[in-house]
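A short worksheet on the structure shown next.
The values are calculated or read from the model by the stated rules, or taken from the named source; none is laboratory data. Given the structure is predicted, the values throughout are model-derived calculations rather than measurements. Here the Cβ positions follow ideal geometry from the backbone for every residue, glycine too, while neighbour counts run over all protein chains shown.
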Amino acid sequence: MRIPRARMVASTVAATAALAMIPAIAFAQPSHPLTAATSSATSHTTSGSAVPADSLRALGAKVGLRIGTAVNADELASSSTYDSITAQQFSTVTAENVMKWDTIEPEQGQYNYAPADKLIAFAEAHGQLVRGHNLVWENQQPAWFTAESASLSADQVKAILKQHVISEVSHFKGKIWQWDVVNEPFNEDGSFVNNIWYQKLGAAYITDAFIWAHQADPKAKLFLNDYNLEYTGTKSNAALSFVQQLKAKHVPINGVGFETHLDTQYGQPDLLNNLQRFAAAGFDVAITEADVRTTLPVTAVEQTAQNADYSLSLQACLQVSRCISYTVWGFDDQFSWVPSTFAGEGAADIYNDFQPKPQYTTLQQDLELATGSAARSRY
Ligand code: G3I
């Protein structure tokens, strides 16, 4: 994730022009492949471990919203406390790192699916659906590719990308609820990130990635995922325009992921408006990476602001029927990406040292309040 830059005056001309060449394509709409997981999402997991009635997943189930977390595969393999919180509190899990290309294909043609397969086995044992993250990004590419990519032709880069997307999606076919197919393709000004894919292939890399992913797993829900879409402005305007044009061309894109990495030093996003306008355009939406960082040490004022940001993000999702999941980007401060990225900031998650924080209680209370409203049918 790039550090957010000050917003600049935008143009979506690049997005529009890039789509002019896409031929009309007809694709079947996905149905949900993992219905087996839904029946065990509230009282017990399929492995028999109890789900507390006041857990985020149980309360979310009452209102038809899956509550999830990104999972640190190293911790899943080594901490029983981490495992039990992950199993008891969440009904969908996202691979924080083990489905990224550098892990999946460390050497060209040599695949390492074991860590991700373990996560999927854990999810299946605990009645959880899986968010695959992510297929195409500028970060965490394997070294064998980054070492040679600049010297490769467009056709060579396209062939490598196609092989990567189809082989990974095929391996996990039927086991992934939502795929983050393309991650963070937009700059703050609405232009396309000038990553290797865009340099070699233009915006067609995005279209192709969705087409290939759909070919490999027609039932998976395919998402474009980015940050700062929570705010109305140049980036979210460009993203909306682009995905609308993909849809008009019958490119198999189903949803847009709102990462929702918030920071108490910035104003609150008009997230509800943005969830609503993407949903109104015919897309599923999801909060995919929620966390709320602040400067350390956390003051009472900042704690209140963190609670308010978490509440705003969950309540926005609850108010939009096509918001199909709310995922925190890891649940415990011990393992958060934030301190190593934003010096002097942290405390972004809802637990610390495996103890729930006020942020957790805020989410719990919001879900309890929502259980009074009409349950939503999307679960
Ligand atoms: O696996 C290596 C390990 O072998 C090595 O010893 C160690 C020390 O160098 O690094 C390990 O890789 C780290 C990897 O996480 C796995 O732990 C990378 O250095 C580290 O940069 C990487 O950070 C991840 C980051 O994406 C990379 O951009 C974070 O854990 C992860 O939370 C973060 O997640 C991203 C989403 O994918 C996209 N949205 C933004 C979000 C936050 O940046």
Residues satisfying the stated conditions in the range 230-275, i.e. in contact with a Leu (Cβ under 6 Å, 6 or more places away or on another chain) and among the aromatic types (Phe, Trp, Tyr): Phe258
From the list Gln315, Gln365, Gln306, Gln355, which residue is under 24 Å from Arg131 (Cα atoms) and at pLDDT 95 or above? Gln315
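Would you confirm, using the coordinates I've provided, whether Thr207 is surrounded by 23 or more Cβ atoms within 10 Å (Cβ to Cβ), away from the ligand (no atom under 16 Å from the Cβ), hydroxyl-bearing (Ser, Thr, Tyr) and within 20 Å of the chain's Cα centre (by Cα)?
Numbers: surrounded by 23 or more Cβ atoms within 10 Å (Cβ to Cβ): yes; away from the ligand (no atom under 16 Å from the Cβ): yes; hydroxyl-bearing (Ser, Thr, Tyr): yes; within 20 Å of the chain's Cα centre (by Cα): yes.
When the stated conditions are applied, Thr207 passes them.
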I need a count of the residues in the range 69-97 that are surrounded by fewer than 17 Cβ atoms within 10 Å (Cβ to Cβ) and either more than 10 Å from the ligand (Cβ to nearest atom) or within 30 Å of Gln156 (Cβ to Cβ) (or both). 5
Set Ser336, Ser340: member being more than 21 Å from Asp270 (Cβ to Cβ), more than 19 Å from the chain's Cα centre (by Cα) and either crowded, with 19+ Cβ neighbours inside 10 Å or within 16 Å of the ligand (Cβ to nearest atom) (or both): Ser340
Any residue in the range 326-342 that is more than 16 Å from Asp353 (Cα to Cα) sitting within a Cβ distance under 7 Å of a residue that is assigned to a loop (DSSP other than H, G, I, E, B) and more than 12 Å from the ligand (Cβ to nearest atom)? List the pairs, counting only those 6 or more apart or interchain. Tyr326/Leu65; Val328/Ile350
Of all the residues that make up the range 98-117, how many are in contact (Cβ under 8 Å) with a residue 24 or more places away in the chain and surrounded by fewer than 19 Cβ atoms within 10 Å (Cβ to Cβ)? 7
Consider the range 122-167. How many of its residues are more than 15 Å from the ligand (Cβ to nearest atom), in a helix (DSSP H, G or I), of a type outside the set (Val, Ile, Thr) and touching a residue at least 12 places away in the same chain (Cβ under 8 Å)? 14
Out of the residues in the range 343-358 that are surrounded by fewer than 19 Cβ atoms within 10 Å (Cβ to Cβ) and more than 17 Å from Glu289 (Cβ to Cβ), state the one that is farthest from the ligand (Cβ to nearest atom). Pro358
List the pairs whose first member sits in the range 275-301 and is in contact (Cβ under 8 Å) with a residue 12 or more places away in the chain and over 19 Å from Lys221 (Cβ atoms), whose second member is among the charged types (D, E, K, R) and not in a helix (DSSP H, G or I), and whose Cβ atoms are under 8 Å apart, counting only residues at least 6 apart or on separate chains? Asp291/Asp349; Val292/Asp263; Arg293/Asp263; Arg293/Glu345; Thr294/Asp263; Thr294/Glu345; Thr295/Glu345; Leu296/Glu345
Among (1) assigned to a loop (DSSP other than H, G, I, E, B); (2) buried (at least 22 other Cβ atoms within 10 Å of the Cβ), the one test that Pro218 misses: (2)
Are any residues in the range 168-211 of a type in the set (Asp, Glu) and outside any loop (DSSP other than H, G, I, E, B), and if so, which ones? Glu168, Asp180, Asp208
